[in-house]
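One structure is given here, and the rest of the page talks about it.
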Amino acid sequence: MSLLIRGIRELVTNDPAWGGGPLGLVADAAVVVEDGVFAWVGPAGQAPPADAVVDVGGAAAIPGFVDSHSHLVFAGDRVEEFTARMSSAPYRPGGIRSTVARTRAASDAELAGRAAGLVAEMTRSGTTTVEIKSGYGLTVGDEARACAIAGRLTDEVTFLGAHVAPPEYADDRDAYVDLVTGPMLQACAPHARWIDVFCEIGAFDAEQSLAVLKAGGQAGLGGRLHAAQLGPSAVIRPAIELGVASIDHCTFLSGRDVADLADSGTVATLLPGAEFCTRQPYPDARRLLDAGVTVALATDCNPGTSYTTSMPFCLALAVRELGMTPAEALWAATAGGAAALRRQDVGRVRVAARADLVVLDAPSHAHLMYRPGVDLVSHVYVKGSLKWSRSVK
Ligand SMILES: [Zn+2]
């Protein structure tokens, strides 16, 4: 059965053939969805007939957000840590270890319920594709179960056994890397598409990080990387040479790092929710964009450093704090996220793409950033079906 959605005052397609720059804007637009994909896109006056019609009454519509970086499989929260940090209390390390301990102690049902609840929260704010990482189990069994739970919620599962060395390996990180690249990888690879590693002082060094990425590649997983969040990193160029899809955080990049990214197929994924929640310096998106780097925006949703599921909140931060224009921010949160996941079928509104469409209670996409903190998402279609709306809860 086909569905015609019309009355779209401004449609963002991310198909530059429509004009209006990379967003590919169509005024007074309509789309037809059928069998889960867009069957037709264009001016409403030229729309073909369909079995059913919905008129959105002059609203703007955008591709569903692609949140390409999240950590949703965990138990408990760390609100006391956040409150202390925002009260300028002395920082007490070990926060992630408290999440690891609670995650290990939680039942499968508890972890799955929490993760599903967060995905539902994402849907309500317009996210239609999400990547989910493991990384709070840090044993073979706990990481495999986190990947399996994530796999019930998304196709984009990332094995992040190398998030941090667990307490029992605190004095021998090399031994932990052997575990991650050996039995843990074997147990997790069947559930995952990606492998990720946190390359930072206090987590894993460049040599250990590259060993993890290489082992993942040999097991058939694509590479992603957390790097340059807290300080400069030597891992950027070798990681690009390994072909990682995305390097995430990218706050402390050298000029050489930026040039290497611009010359590569690797996306720089920026996560301004993390800087907001930790009062750290924001990355400079303007510098990356001006150099020609492909930029994605994601939430980094996790209980310690960015407990938000809201892409609109990250868009507002990106425009205010990262130097992005509203158009650049929206592209980065949709087509940019798709590039970071090496997906062609999401993050854009064009024939044969997955019919993921978000209708806004606003006349243009810029209202997402112009009206920060205001929930403007009114309808969310996933694969052509209405997944959420303000009236159908
Ligand atoms: Zn992260």
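The numbers here are math on the coordinates, done by the rules we state, and not lab data. Model, not experiment: these values are computed from the prediction. We place every Cβ from the backbone using ideal geometry, glycine too, and count neighbours over all the protein chains shown.
Tell me whether the range 195-217 contains one or more residues that are within 12 Å of the ligand (Cβ to nearest atom) and under 22 Å from THR127 (Cα atoms).
Looking for residues that are within 12 Å of the ligand (Cβ to nearest atom) and under 22 Å from THR127 (Cα atoms), one finds at least one in the range 195-217, hence yes.
Among the residues of the range 255-283 satisfying the criterion of being in a loop (DSSP other than H, G, I, E, B) and in contact with a His (Cβ under 9 Å, 6 or more places away or on another chain), which is nearest to GLY231 (Cα to Cα)? Quick ask: steps written out before the conclusion?
Narrowing the range 255-283 to residues in a loop (DSSP other than H, G, I, E, B): 263-266, 271, 279-283.
Retained after the next criterion (residues that are in contact with a His (Cβ under 9 Å, 6 or more places away or on another chain)): 271, 283.
Values: LEU271: 15, PRO283: 11 Å.
Looking at the filtered set, the residue picked out is PRO283.
Quick check on THR305: is it away from the ligand (no atom under 16 Å from the Cβ) and either surrounded by fewer than 24 Cβ atoms within 10 Å (Cβ to Cβ) or touching a residue at least 60 places away in the same chain (Cβ under 8 Å) (or both)? Full working, then the answer.
On the way: away from the ligand (no atom under 16 Å from the Cβ): no; either surrounded by fewer than 24 Cβ atoms within 10 Å (Cβ to Cβ) or touching a residue at least 60 places away in the same chain (Cβ under 8 Å) (or both): yes.
No: the conditions fail for THR305.
Of the residues in the range 278-291, how many are within 16 Å of the ligand (Cβ to nearest atom) and buried (at least 20 other Cβ atoms within 10 Å of the Cβ)? Please lay out each step first, then the result.
Just the residues of the range 278-291 that are within 16 Å of the ligand (Cβ to nearest atom), to begin with: 278, 280, 282-283.
If we keep only those that are buried (at least 20 other Cβ atoms within 10 Å of the Cβ) too, we end up with 283.
Result for the range 278-291: 1.
Give me the residue from the range 115-134 that is surrounded by fewer than 20 Cβ atoms within 10 Å (Cβ to Cβ) and among the charged types (D, E, K, R) and, out of that set, farthest from ALA353 (Cα to Cα).
That would be GLU121.
Looking only at the range 339-373, how many residues end up being in contact with a Pro (Cβ under 6 Å, 6 or more places away or on another chain), hydrophobic (A, V, I, L, M, F, W, C) and in a loop (DSSP other than H, G, I, E, B)?
2
I'd like to know if the range 232-250 contains one or more residues that are in contact with a Pro (Cβ under 7 Å, 6 or more places away or on another chain) and β-branched (Val, Ile, Thr).
Scanning the range 232-250, I find no residue that is in contact with a Pro (Cβ under 7 Å, 6 or more places away or on another chain) and β-branched (Val, Ile, Thr), so the answer is no.
Condition test on THR294, is it in contact (Cβ under 8 Å) with a residue 12 or more places away in the chain and within 16 Å of the ligand (Cβ to nearest atom)? Can you show your working first?
Details: in contact (Cβ under 8 Å) with a residue 12 or more places away in the chain: yes; within 16 Å of the ligand (Cβ to nearest atom): no.
For THR294, the condition - in contact (Cβ under 8 Å) with a residue 12 or more places away in the chain and within 16 Å of the ligand (Cβ to nearest atom) - is not met.
Among the residues that make up the range 331-339, is at least one of them touching a Ser or Thr at 6+ places or on another chain (Cβ under 9 Å) and surrounded by fewer than 17 Cβ atoms within 10 Å (Cβ to Cβ)?
Among the residues of the range 331-339, not one is touching a Ser or Thr at 6+ places or on another chain (Cβ under 9 Å) and surrounded by fewer than 17 Cβ atoms within 10 Å (Cβ to Cβ), which makes the answer no.
Name the single residue, out of those in the range 111-136 being assigned to a loop (DSSP other than H, G, I, E, B) and touching a Gly at 6+ places or on another chain (Cβ under 8 Å), that is nearest to the ligand (Cβ to nearest atom). Before the answer, list the steps.
In the first step, residues of the range 111-136 are kept if they are assigned to a loop (DSSP other than H, G, I, E, B); the result is 125-126, 134-136.
Now restrict to residues that are touching a Gly at 6+ places or on another chain (Cβ under 8 Å): 126, 134-135.
Details: GLY126: 20, SER134: 12, GLY135: 8 Å.
Taking the candidates together, the pick is GLY135.
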